Structure formats: C-alpha cells, structure tokens
1. Could you say which residue among A:Lys74, A:Lys39 is of a type in the set (Lys, Arg), more than 23 Å from A:Ala286 (Cβ to Cβ) and modelled with pLDDT of 95 or more?
2. Could you tell me which of the residues A:Thr288, A:Thr266, A:Thr262 is of a type in the set (Val, Ile, Thr) and touching a His at 6+ places or on another chain (Cβ under 9 Å)?
3. Taking interchain pairs and intrachain pairs at least six residues apart, which have beta carbon atoms under 7 angstrom, with the first residue in region A:486-509 and under 22 Å from A:His354 (Cα atoms) and polar (S, T, N, Q) and the second modelled with pLDDT of 95 or more and surrounded by fewer than 17 Cβ atoms within 10 Å (Cβ to Cβ)?
4. Starting from residues that are over 19 Å from A:Ser326 (Cα atoms) and in contact with a Gly (Cβ under 9 Å, 6 or more places away or on another chain), keep the ones in region B:48-79 and report whichever is most open to solvent (accessible area, probe 1.4 Å).
5. Determine if region B:107-115 includes at least one residue that is small (Gly, Ala, Ser) and away from chain A (no Cβ under 13 Å).
6. Within the group A:Phe372, A:Phe362, which residue is out of contact with any helix residue (DSSP H, G or I) (no Cβ under 8 Å at 6 or more places or on another chain) and aromatic (Phe, Trp, Tyr)?
7. Answer yes or no: is there a residue in region A:156-170 that is hydrophobic (A, V, I, L, M, F, W, C) and within 13 Å of another protein chain (Cβ to nearest Cβ).
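The values are calculated or read from the model by the stated rules, or taken from the named source; none is laboratory data. Note that the structure is a prediction, hence the values are computed from the model and not measured. Please note: Cβ atoms are built from the backbone with ideal geometry, for glycine as well, and neighbour counts cover all protein chains shown. Just so you know, the surface numbers come from the protein's heavy atoms only, side chains and all, with ligands and any DNA or RNA stripped out. Shrake-Rupley method; radii C 1.70, N 1.55, O 1.52, S 1.80 Å.
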Amino acid sequence: MATHKQKEKKQGASRRDFLKVAGAGTAAATFGALTLSAKEAKAQAFDAEYDIVVCGGGGAGLPVALFSRWLGNKVIVLEKAATLGGTSFKAAYWYWVPNNAAMRKAGIPDDKQHFLRYVARLSQPQNFDLNHPRYGLSEWEYSMCEAIYDSSSVGTELLSEKGALPYRHVAPVPDYFAEMETIGATGRVLFPKDGAPSMSDGGQVATRTLSTACRRDGVTIRIGHRVQKVIRNDRGEVIGVEAKNDDGVIRIKARKAVIFATGGFTHDAELRKNFLSIPAYGGCAAMTNEGDFVRISSTLGVQLRNMNYAWMCPISFEKAIAKDPSLIGCFSVAGDSMIFVDKRGKRVVNEKLHYNELAQKFFEWEGANAQFPYLILTSIWDQRAQDNSASHEYGRLIVPPGIDDRHVIKGATLEELAANIDTRLQKYAGQNGGMRITSDFVPNLKASIARFNEFARTGKDLDFHRGERGVDLLFNGNVKEEPGRKNPTMWPISDAGPYYAALVTGGTLDTKGGPKTNPEGQVLDLADKPIPGLYGVGNCVASASGRAYWAGGGTLGPIIGFAHRAANQANKEPVRG
Amino acid sequence: MSKFVAAVKAVRIGAVVTTFVATATPLFAADDLAAAKEYTVRYCIQCHTFEQGDKHGQGPNLFGLIGREAASAPGFVYSPGIKEALKGKVWDRDLLDAWLTDTLAVAPKAQMIYFQDDPKARAKLIRYLESLK
C-alpha cells in the first residue's frame, strides 16, 4: 500500500483522487470490467495483493473463503454491508445435504440416481423422462446436480471438522416433495449445532461460527467494500477487482482468482422487472443484493442463465413496499383459524402449501381480465389464532405484542375489517394497480369462512386439501392443542370479533439467475470456456434448479458443495504476476 | 471583492475556526454529526432503527442507547447469550467502542456480528448514536 501511495504523490493528481470523483456515491457506482495492458498492470500498483479475492461475505462467500484459506492461500473477503452473513444471516440456515455423513452413519440410504431423479423431476418437470440418461436434464444441468450430490457433504464435513460450522442432523425433516421418492426423502437436512430448538436462528449461529473461523484462521475481512469492477490483463485473465469504500476506490490484486459470492438481484427493481418471470415487489434477501455481479459481468461476454426464476416465499406486501430491511419471508404461515382470501373475499389456495409453491399463486394470470387477480391476498385470522399462534419467528404475519405489527389490520366485526382492508389497499393505489376489495367482499368472506369452518370440523379441506401433505404440517407453526382433532392446520374461525388481517404477496428469498458457471464454479464465456481467474458461487450465478425448491436448505447445502469445488479449482490456478 | 478584503475575510474565518476548535468537543466539528448520521444510517439500517418510537428491526431501536442498561430495549427479543454477557452493564462510550470493535469479544454469543478495527469509523458511529437522546 505504501508504495502505491508514494507513486501517487510522484504522479501529482493521484488515481485515488480521480476515482473518488468518478464514483461519487453508491448510486453512481460504475460497474463493469477494466482491462490493463501488461505494462499498466505492472506499473499500476495495487493497494493490496492476495491469492484469492472473495467478493461477498455471506452464505457462499464465507465458506469459499475458508476452503481457500485451508488450502494455504492468502485470502481477503470484501463485503459491501457493515456486517457479514448477507441473506443467510436472516435465514433459518437449514442446509440440505444429500447422502450426508449423518445419513451414512445412521444407515439411511440416499443413492445418487434417486437423488438425480428427484431433482430432475422438480427442476425440469416439462422435460422429465425416467428413460432418458439424464432424466431430461441438459448436460449442464445434470453436471451441476451431480456436483451437489458429490460435494455438498464433503464441504459440510470439512466445515464441521474445522469447527467453522458444527451441525446437528435433523433426521425427521422431509424433502418438500418427499412423497415423490421413497429413497432419500428424509434425512438430508442439517442445522447449525447451537441453533434454537425452533430451528429459526441458524443464520445467526452459522454467521458467527463461520466468521469466527475466518478470523481465527487468518482470512482478511473488509466490510463496507463494494466491488464494482473486475480488472483483467491484456490476455483477458482476471487479475483483481476495484472496490469502493468510504474513503474512495481501492484496487486489490488477485494472484490466482476472484470469486464472486455477491447474492442475487432481489433489491434492484430494474433487473427484477426485466428478468424475473413475475412482477415481485422484492423480498427478504439482504438489502445489498442488488445484482452487482449481473452488472459487472455484463461486459465480460458471459451467459446469463435461469434469470427468470427465484427462490420464492410469501411476504408482507406492506413491508416489501416499505423496503423494510428486517423483512423475513413467511416461511411458516401460522394459525389454524386463519385463511387467505382474494379481493372478492374468496379462498383460492391451500394456505399451508410450503413457501416456494404458495408464493407462485400470487402471480397467476387471468387472461380474460388481463390482470393478476391474486397479486395481493389477505390473510384473515381471529382472536384465537392471535392468542395461540403469534410468533416473532419465520416471518409470521401473526406477531405477539411488542413486535412490529404495522402490517396488521384490525376490525371488531368482519364488516369493519373489510372496510379497513379496503382503506389499506387504497393507501397503495399507485403500487398495486388500484386494487380494491369488490362490493360483494363481505358476503363472500362470510361464505368462505362458513365453508372453511365446515372443513375444519371434518378435518377435510375439500377445496384445497390443506394439511394433507406432511410438509403442510412441518410449517404449521404453533396452534392451540385440541385433543382428538384430525387436522391440526384447521380450526373454525370465530363468529365473534375481533378479527385481524394482513396483506400478503409473493416475494423472492433471493433470485437464482446469473452468469453460467461450470460445476467447478468457473464463470464461462460465450464459448463455454472458463474466463481465467473468474469464479462465482451462490445466488449471484445461475442455478440449475429452474423454478424448483427441492427441500428446506435446498439453497445453502448445494452452495457449500459449490464453494468447496470452486475453492479447490481456484487453488490450482497459476499465480499471475 | 478586492484582494485585501478577501484576505481579511479569510483571516477572520480562520480565527473563528480556531476558536471553535479550541472550545468545542475536541474530537468533532459540528458538521461531523451530519456525516456521522449518514454513515451510521447507511450501514446500520439493515438491522436497526434510530428515531424515538421507531419499531425494532432485526436489532433493537437505538434511540437513547447511551445511558441505557444493555440488552434492555422493551419489546426486543434478545438471545440468552447476549443478555448474559451484557448483564448489569450500561451503554457508555467505552462499552460502545469495545462493542463496535468486536461484538463477539464482548459477548461471544451475540446475535450481532460486527467488528470494526478503524477507530475513525467507530467514532462516527458513536458520535451519531450518542446524539440520539
């Protein structure tokens, strides 16, 4: 660093000062790539030099930094936010690891072909073919899915052995479509060892143990550093990055590789609007997930893949509009005496459908009226659900006293509740296409409740089959004990108020598209050749999962596998002087 | 403006600044508060709120933090680990500075994982947080 400063002084107006003016403020950040000639690259002193530069200190960045460090590399993590963990800090941090060591030890079978069949069926249902050698997946998709099976457990065990992420096996948790496969349908979910029994705080625990291991083992961590450019030499090899911090812009040299782990584009409205297949309002990813790698890589000749899909979850419409950084997706829709209704007051969905699939409902298109009729649904519950199902965990809409409840609408009667729902919808007229409740909302709502109450009494939801699948029960949340009840997801909604409501829409946990990589995490160019020195892991690069959410932790488990592979491949890169 | 007048004004402004620095808090000029606020809000808003009466986020509302008993914001759900480590402590400049240097050194099981080894950055955060009263 000292030599660089001396050089700047000699040159008069320093590069640092120039860059400070050029990139004034986050909004004016300039993304892309910078190519330095051999002479420039030599003469151009970098502010610091590492073997591996990891961009992003979240669920992908921390593991890949550790794996790289343990291979003997000098590693730096550049994190845009003030704290580590990114989206994974907010997550429950279940991680889904096929054929994990705990399964093997317990003798739970999980063979590779059954695994591949399961993920193929869900990722590409329209192409799925049991008789096809790759079950209908493309070569790329198949190789990425194989990598998940082969490496997630390897990475997981190494993190555990080194004390960076000790886990406990939560054997009874089923995959989200466990009924599709008899083998490997349960047992793949791991959870940070010291997490709470409710399994909601794994992100905090994992971020703590992973970042503690980084510091213990000598990974350099810099917060408040937003990477905005990759630096290439005149052979097109990536040799470093340019990052913006509060003092200006710095350049970090990467002797071996730059590994991006900067998350998706949940919080970039422009990218969302142009790439996602759905008009989502946002989601619960870390606020710093603004598609930086999509923008940076756009000048590098990469192939963007799977940009149309996201890891989905229902979210509070009002919290999303308010861009509440503390927003957590509704991973568990709580309450038994609770239903979702549309603007007509009619039930349209199984409210206990697990989050990724429930979230799709909001984006159903109605051709005849050219509208998204379910873009905002209203969750309605009674005092019983409020008293017994309130919780501050898992992004629940029913919250206990003291927790932020600005999203909750109240009414002493259903008529009053309906009027208040309509008032609340009107407040957002410019953001919801002028959505209002219809004039027959109250009678429809009363009829919906009467029909639901009948289902609750018999335990059979004849309309939407609520509570019939194991996964519905997994996310039921706290409900009042009712001995002898057949279906714990349902209970009649009270004839008497008060009543409560909240506006719900579909959101992204984070997006899952970006530059295509190979299974070793190398970012590929248009000819499917790795761009030397450039890697990507996690939600900033293309997932082979299509629209699927295979199981709880289907995000983080595979990411650990890819982080392990990327670190090992990057370690083999020639040192670039 | 003649060169002479400009020179006099420059001298007088210089004098005022000198006086101000001598009498004000030695660490900060008045305008630093705005910069401290901008910096703190930009980085901390992911988890915290700052105005009186704001709802808690992933972390507690920070209005009135200095002088408050640690881990005591009404309505915020603290983890047992943080409550135990901060038991009986009151937020003052020194505790806050230690906390921001490395939260895990103060409370090994803290939910908040933050470490800032730059004293200038910590001073900015403390400057703004102590103004919230």
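1. Exactly one of A:Lys74, A:Lys39 is of a type in the set (Lys, Arg), more than 23 Å from A:Ala286 (Cβ to Cβ) and modelled with pLDDT of 95 or more, namely A:Lys74.
2. A:Thr288
3. Partner pairs satisfying both residue conditions: A:Asn487/A:Gly459.
4. B:Glu69
5. Scanning region B:107-115, I find no residue that is small (Gly, Ala, Ser) and away from chain A (no Cβ under 13 Å), so the answer is no.
6. A:Phe362
7. No; the residues of region A:156-170 include none that is hydrophobic (A, V, I, L, M, F, W, C) and within 13 Å of another protein chain (Cβ to nearest Cβ).
Results for (1) more than 10 Å from chain A (Cβ to nearest Cβ); (2) touching a residue at least 12 places away in the same chain (Cβ under 8 Å); (3) not hydroxyl-bearing (Ser, Thr, Tyr), shown as yes or no for each residue.
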position	(1), (2), (3)
B:Thr49	no, yes, no
B:Phe76	no, yes, yes
B:Ser79	no, yes, no
B:Asp118	no, no, yes
